[in-house]
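Undergrad: Below: one structure in structure tokens.
The values are calculated or read from the model by the stated rules, or taken from the named source; none is laboratory data. Everything numeric in this text was worked out from a predicted model, so none of it was measured. Cβ: placed from backbone, ideal geometry, glycine included. Neighbour counts: every protein chain shown.
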Amino acid sequence: MIDGKYLTVIMPAYNAEKTLSQTHAEIPKDLVDEIILTDDASGDQTAKLARELGINTFVHETNKGYGANQKTCYQKALEGKCDIVVMLHPDYQYTPKLIPAMASMIASGVFDAVIASRILGNQAMAGGMPVYKYFSNRVLTLLENLLIGQKLSEYHTGYRAFSREILETIPFLENSDDFVFDNEMLCQVFYYGFRVGEVSCPAKYFPEASSINFQRSVKYGLEVMQTAMKYFLSKRGIKKFPIFDKK
């Protein structure tokens with residue numbers, strides 16, 4: 001627990017056998033109450049290893065996609081006692097050592113969500129982020145900030161923490177099963193008036209770290225802009241979209 005709050009770490013996994021042990025080893029077990037991993041039909045021994053490590057493990061029988069993986073993770077977390085949920089990739093791209101800092105910002109009541117930004121502190125390219133990804137990140141973030149009316153340093157990190165209240169409020173099951181899920185979820189957090197904080201986070205890029213190729217990046221970029229426009233139109237009452245329409 002952290003400040004009396006039950007802390008759950010979720011890990012959406014796909015072919016993470018080579019990096020899972022290292023990621024798991026750095027999770028602060030003295031603070032984290034539960035670790036949940038969903039294996040999206042990996043072709044390696046990710047699920048077997050996760051169980052050997054004592055992780056609460058769930059497996060998709062077929063590959064459903066990055067967003068669908070997270071949906072399962074969040075649903076399983078909500079079935080438990082979680083007060084705070086930290087989403088950590090098991091590919092060791094982001095350091096688990098930031099979990100206490102991110103969770104404490106929520107536990108203290110200062111923020112409802114916290115993202116670990118690769119841009120703050122000028123860490124991204126130093127960690128090996130490809131040049132085209134860095135500049136597309138900056139351009140997309142600028143455009144999103146203008147459309148959404150926020151001032152985040154980036155919207156595209158895969159390392160984030162949420163309060164239980166957020167997960168029970170936003171309609172994340174309406175989101176995409178693909179990579180744009182992360183972006184949709186963050187826009188939903190803003191749409192429903194929650195407070196978002198940021199911490200600086202170094203990120204590592206290496207062969208085993210998950211990353212989408214150039215073609216998928218272009219598709220993702222277009223979907224990000226569509227999401228920002230949906231937010232813009234929904235917020236002004238021009239048109240309602242399912243991801244911003246809590247039933």
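So that you can scan it fast, the table gives a plain yes or no per residue for (1) part of a loop (DSSP other than H, G, I, E, B); (2) hydrophobic (A, V, I, L, M, F, W, C); (3) at negative phi; (4) modelled with pLDDT under 95:
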residue: Y134; (1), (2), (3), (4): no, no, yes, yes
residue: T141; (1), (2), (3), (4): no, no, yes, yes
residue: D182; (1), (2), (3), (4): no, no, yes, no
residue: M185; (1), (2), (3), (4): no, yes, yes, no
residue: Q226; (1), (2), (3), (4): no, no, yes, no
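Undergrad: Let me ask something additional. Modelled with pLDDT of 95 or more, under 20 Å from D40 (Cβ atoms), assigned to a helix (DSSP H, G or I) and over 14 Å from the mean Cα position of the chain (by Cα) - does that describe any residue in region 155-169?
TA: no
Undergrad: Here are the criteria: (1) within 21 Å of S108 (Cα to Cα); (2) modelled with pLDDT under 95; (3) not basic (K, R). Tell me which single one A203 does not satisfy.
TA: Against the list (1) within 21 Å of S108 (Cα to Cα); (2) modelled with pLDDT under 95; (3) not basic (K, R), A203 comes up short only on (1).
Undergrad: On the given criteria, is V85 of a type in the set (V, I, T), out of contact with any Pro (no Cβ under 6 Å at 6 or more places or on another chain) and surrounded by fewer than 22 Cβ atoms within 10 Å (Cβ to Cβ)?
TA: Considered against the rule, which asks whether it is of a type in the set (V, I, T), out of contact with any Pro (no Cβ under 6 Å at 6 or more places or on another chain) and surrounded by fewer than 22 Cβ atoms within 10 Å (Cβ to Cβ), V85 comes out as no.
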